Amino acid sequence: MGVEFGLLGPVAAWDGGSVLPLGAPRHREVLGRLLVARGRVVTVDRLVADLWEEAPPAGAVGAVRTFVAALRRALEPARPARQPSRLLVTDGPGYFLRAGREAVDARRFEEAVAAAAGAPPHTAVALWRDALALWRGPVLADFPDASWPRAERARLESLRLDAVERRADALVATGAAHEAVADLRGHVVAHPHRQDGWILLAGALDRAGRRGEALETLGRARAALAGAVGPGGSRDAVDRAERRILGAAGSAPEPAGTTDSLWERTAAAWNRSVPARSSARLHATAGLLRDLAVTGAGGLEEARRHRRDLVAAAEATGDAELAARIIGSYDVPAVWTRADSPDDVRALSRAAARAAAELGPAAPAALRARLLSVVAVESRGDATADAPLPRAADAPVTEPWRRRAGLAADEAVRIARRLADPRLLAFALNGAFMQSFATCGSAARRDALGGELVRLAVDHELPGHELLGRIVRLQALAGLGDLAAAEGEAGEIDRLAHRNDRPLAGVFTAWYRALRTCGTEGWGAARPRYDQALAATADCGMPGLADGAAALVAVVPAMLGDGLPDPDDFARLDAGPYRPWLTPLLLAASGAREEARRALGTVPRPPHDLLQEALWCLLARAAAAVDHRPVLLRARGELSAARSEQAGAGSGLVSFGPVARHLSAVEEALGRGAAGTEV
């Protein structure tokens, strides 16, 4: 990560988590002044005027230069003598600090605040929490009386107070009113003139069932705000809050209150009006789960869990057509080819196949297409992990389940086209995407599928499937090496995700931008971006994407070169589902040649998914290192169709460089005449 800087508290610097000794107060003050400048040059004269606000002493300019020299030694203790500093840089008449936004706690706080502001409540709560956790004390706490940081201190403190209040508002929206009350009580005591704090506290108390305390709080707010000026007048705002709590006739609730109230009234009316065990409840639940799945990590996990129960409940009714409609209703766009819950998707695929078989050819065409689309979408993941890698002389294996899933996708697309049903076609194309990995080198086909999805979704206002189509294109274009076009898709994805409250889409663009940075600026520049992508993925509710991702990232530098990875880099990493294909390579790298050969002799063939080219390259590198000819021959055969692509980049996660380069290495290894003994 390099050196990181802190001004949300005492001025500090860290390198790899270790605190750097910055020296005397004047040294820290110079660093603080440069941090506040946000990468702009601060002249020596300006530093002198800021450090000695009254009358600078004789020799102040020399003193500043001495402070700078000491700071440079502290920040870069290993820098050779007479080599220019890469962090604290001299520029003309002054100095500037070369620190990216991610290296300064205040800048990271601002970015977290911006992300939280546009996120749905469950996601926002975590983002606000992480943003506020960056604060170690008052801004530039070492220099409370200095004039130069006043404007920046006031700005950041205002952002912090807003963050406290907005986190509390998000907590209330997620049903955690009691936690919001605890936070807001201390907030209004410390900042009694903040009108929003009082009103939020009263609202949280009311939502927590403590109406008397809520009204008492508003009385205290009137006293505290007496004479204060706020938007619309503090007394008017407090009066409106009181009317909302009392439910007075003719009150004018604010928009958030209107939405919450409408939801609660409608839900209550539904429960009163719809009989228990009515099939309408199953249909409504299916629609709600479909919407819940796109709200963020928490919603996705809940939807996944409840969907399984919903299907079981529908099948338990004994009504085959009802069960089929419930099973086929979940057309949530799916982009990652490794299942988050393999057991669940296998069960859902089997349930859809059972429903289609039970209804038979007399089933409505649209319903049959939906069931076939479920089969195609959910038939993903490593369903053949127990199948050993076939010998080079063996014919390729076509698994019956994969053939059935591919045929299901094809038939679903044909039916949807015949019916001219755009939403049904979007669902069917999602299934076609999931079944587009029969061989390596499918990026061009996936780019075409993604393009059709985008056009269809734009024409018929299907924002979820437009996002899916653009993510599919982003991945495919990266695999084809067209990073400029892929970047255009990434920008559109971010725009659509913000406009339509789809926070999980940002996880995929974060990964892509790390991949792009690696390709254009090198591994060193990409590493911080990968750390950010891994952190976002850890909490995204998609274990199929998150598990083992750190190990894939760790192997990138070695795969971009010609050598073997350092096994020590993987000592603390869980390779998760990628362990079978990493293990031979790490054994070879550690010198365990025979163990590596035995592992290659039993390794499963990589699954037909977004990372199949990358995993074949891992096997090829290991096989070349230990002269395992059968795997080299099989890797050559599998990878040949992807010769023009970038290995792994089609996933949008990592790239191991051109497939052609890896094929050349395979040819070189085979040409050495190593007669690898089959094991």
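The values are calculated or read from the model by the stated rules, or taken from the named source; none is laboratory data. Treat the numbers as computed from the prediction; the structure is a model and nothing was measured. Note that each Cβ is placed from the backbone with ideal geometry, even for glycine, and that neighbours are counted across all protein chains shown. Ligands, DNA and RNA are excluded from the accessible area calculation, which covers all protein heavy atoms including side chains. Shrake-Rupley method; radii C 1.70, N 1.55, O 1.52, S 1.80 Å.
With respect to Arg598, determine if the residue is part of a helix (DSSP H, G or I) and either open to solvent by 10 Å² or more (accessible area, probe 1.4 Å) or closer than 24 Å to Ala126 by Cβ (or both).
Numbers: part of a helix (DSSP H, G or I): yes; either open to solvent by 10 Å² or more (accessible area, probe 1.4 Å) or closer than 24 Å to Ala126 by Cβ (or both): yes.
Against the criterion (part of a helix (DSSP H, G or I) and either open to solvent by 10 Å² or more (accessible area, probe 1.4 Å) or closer than 24 Å to Ala126 by Cβ (or both)), Arg598 qualifies.
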Study note, to complete from the structure: Picked from the range 392-421 (must be at pLDDT 95 or above and over 19 Å from Ser379 (Cβ atoms)), the residue surrounded by the fewest Cβ atoms within 10 Å (Cβ to Cβ) is Ala420
Review point. When you go through Val89, Val3, Val61, Val11 one by one, which is the residue that is modelled with pLDDT of 90 or more, more than 25 Å from Ala154 (Cα to Cα) and either in contact with a Leu (Cβ under 6 Å, 6 or more places away or on another chain) or not basic (Lys, Arg) (or both)?
Key: Val61
Exercise for review: Check off (1) of a type in the set (Gly, Ala, Ser); (2) farther than 23 Å from Ala443 by Cβ; (3) modelled with pLDDT of 90 or more for Ala334 and give me the number that stays unchecked.
Suggested key: (2)
Review point. Do we have His193 as open to solvent by 40 Å² or more (accessible area, probe 1.4 Å) and within 31 Å of the chain's Cα centre (by Cα) here?
Key: no
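Can you list the helices (runs of 4 or more DSSP H) found entirely within the range 104-186 that contain at least 1 residues being closer than 27 Å to Ala49 by Cβ and open to solvent by 60 Å² or more (accessible area, probe 1.4 Å)?
Working: elements: 105-117, 121-133, 150-173.
So the answer is 150-173.
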Check your understanding: Among the residues of the range 196-209, which ones are at pLDDT below 85 and either open to solvent by 50 Å² or more (accessible area, probe 1.4 Å) or more than 38 Å from the chain's Cα centre (by Cα) (or both)?
Key -> Arg207, Gly209
**Study point:** Selection within the range 482-507 - surrounded by 17 or more Cβ atoms within 10 Å (Cβ to Cβ) and touching a Pro at 6+ places or on another chain (Cβ under 9 Å)
**Key:** Leu496, Ala497, Arg502, Pro503
Exercise for review: State all residues of the range 60-82 that are of a type outside the set (A, V, I, L, M, F, W, C), under 16 Å from Leu22 (Cβ atoms) and over 39 Å from the mean Cα position of the chain (by Cα); if no residue qualifies, say none.
Suggested key: Thr66
Exercise for review: Considering each of Leu564, Leu582, Leu545, Leu552 in turn, give the residue that is assigned to a loop (DSSP other than H, G, I, E, B) and in contact with a helix residue (DSSP H, G or I) (Cβ under 8 Å, 6 or more places away or on another chain).
Suggested key: Leu564
Check your understanding: In the range 646-663, what count of residues is obtained for those that are touching a strand residue (DSSP E or B) at 6+ places or on another chain (Cβ under 9 Å) and open to solvent by 10 Å² or more (accessible area, probe 1.4 Å)?
Key -> 3
Check your understanding: Which residues, taken from the range 508-542, are more than 28 Å from Gly561 (Cβ to Cβ) and open to solvent by less than 40 Å² (accessible area, probe 1.4 Å)?
Key -> Cys540, Gly541, Met542
Study note, to complete from the structure: For the range 63-75 the number of residues that are within 12 Å of Asp45 (Cα to Cα) and either in contact with a His (Cβ under 8 Å, 6 or more places away or on another chain) or open to solvent by 40 Å² or more (accessible area, probe 1.4 Å) (or both) is 1
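So, Gln475, is that one part of a helix (DSSP H, G or I), within 30 Å of Ala126 (Cα to Cα), open to solvent by 10 Å² or more (accessible area, probe 1.4 Å) and not small (Gly, Ala, Ser) or not? So that I can check it myself, show each step before the final result.
Details: part of a helix (DSSP H, G or I): yes; within 30 Å of Ala126 (Cα to Cα): yes; open to solvent by 10 Å² or more (accessible area, probe 1.4 Å): no; not small (Gly, Ala, Ser): yes.
No, not satisfied.
Only one residue in Leu632, Leu587 is open to solvent by less than 10 Å² (accessible area, probe 1.4 Å) and at pLDDT 95 or above. Which one? It would help to see each step written out before you state the result.
Working: Leu587 fails: open to solvent by less than 10 Å² (accessible area, probe 1.4 Å).
From the options Leu632, Leu587, the qualifying one is Leu632.
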Check your understanding: Residue check: is Arg455 open to solvent by 40 Å² or more (accessible area, probe 1.4 Å), at pLDDT 95 or above and assigned to a helix (DSSP H, G or I)?
Key -> yes
